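The values are calculated or read from the model by the stated rules, or taken from the named source; none is laboratory data. The structure presented is a predicted model; accordingly, all values stated were derived computationally and were not measured. With ideal geometry, Cβ positions are generated from the backbone for all residues, glycine too; neighbour counts draw on all protein chains shown. Heads up: the accessible areas ignore ligands, DNA and RNA and are worked out on the full protein's heavy atoms, side chains in. Shrake-Rupley method; radii C 1.70, N 1.55, O 1.52, S 1.80 Å.
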Amino acid sequence: MEITPSILTADFSRLGETLEEAVAAGIEWIHMDVMDGNWVINRTITFGPALIRSVRDRLGPEVTIDCHLMITNAAETWSQYTDAGVDMVIAHIEAVDDFQGLIDDLHASGVRAGCVLNPSTPADEVLPLLPDLDLVLVMSVVPGKGGQSFMPEVEGKVRAFRDAIDSQIETGGRVTKLMIDGGIKYHNAAMVAEWGIDIAVVGSGLINDRGTIAENLAAIEAALGK
Ligand code: DX5
Ligand code: ZN
């Protein structure tokens, strides 16, 4: 299971150094949480395309950057993020009316398409889209901030996606990646890996004042038996 940092708990005044610290520690994927001050329950604003462009320019082309769009108009504004240099757009099924249309638009632009669902949203809302999705992201917290408690009740949903994706792959279909986001730490990383997660987003469990990113990553990877 791959680990990708969410930068929400980083000190944005030294974000460049934090990112380079993450890459030096072996991180190859950065998860950018975009919030527009409206869509998430606590009305948070985080950052937009300008910061993402700075991140891409600092990191160069090798690192994968996704944007988790917690915004009301992802279907209309996704190209601002691809122009800023993201490799993948992950939009909320709850915020997009024509998700298949969004997938088609993204693929037509050569961008990978991800679909994210809130803890309360059933897998059935996303399963029909699976053949065309590059990634499914299961939220294990209610979107809005880092440092929240993990919601173990999403296990059934994760396993349902794992089974559906494995069947899809077995019949020659797309290799859709399965990602989880929210409350992942060294003590529950092995559990979600066993559930079948490919990539885990880790924010406060990686970027915190208890250790360096390398130390925190090593603790998680030790728990994964790496
Ligand atoms: C929450 C974000 C998550 C969050 C993860 O809305 O989508 O990516 O930052 O942070 P932790 O790992 O601290 O829960
Ligand atoms: Zn996120």
**Report entry** Relative packing of peptides 2-10, 169-177, 35-43 - highest average C-beta neighbours within 10 Å first
**Finding:** 2-10, 35-43, 169-177
Query - Value of relative contact order over the chain, rounded to a whole percent, pairs C-alpha under 8 Å and six or more apart - result: 21
Report summary line: Classified through the alpha carbon gyration tensor (a ≥ b ≥ c as square roots of its eigenvalues; rounded if a/c is under 1.5, else prolate when a/b is larger than b/c, else oblate), the chain comes out rounded
Report summary line: To the nearest 20 debye, the chain has a Cα-centred charge dipole, built from +1 on Lys and Arg Cβ and -1 on Asp and Glu Cβ, of 500
Report task. Only helices at least 20 Å long along their axis, Cα-based, and averaging -1.0 or more on Kyte-Doolittle count here, so list those DSSP H runs from the chain. Result -> 155-170
Query raised in the report: Put +1 on the Cβ of each Lys and Arg and -1 on the Cβ of each Asp and Glu in the chain; which of ILE180, ALA218, MET32 then has its Cα farthest toward the positive end of the dipole?
Result: ALA218
Requested in this report: Could you look at the chain and say what percent of its accessible area is carbon and sulfur, using a 1.4 Å probe and all protein chains?
Outcome: 49
Report summary line: In segment 2-223, taking the dipole from +1 charges on Lys and Arg beta carbons and -1 charges on Asp and Glu beta carbons about the Cα centre, the listed residue (ALA74, LEU51, VAL138) farthest towards the positive end is LEU51
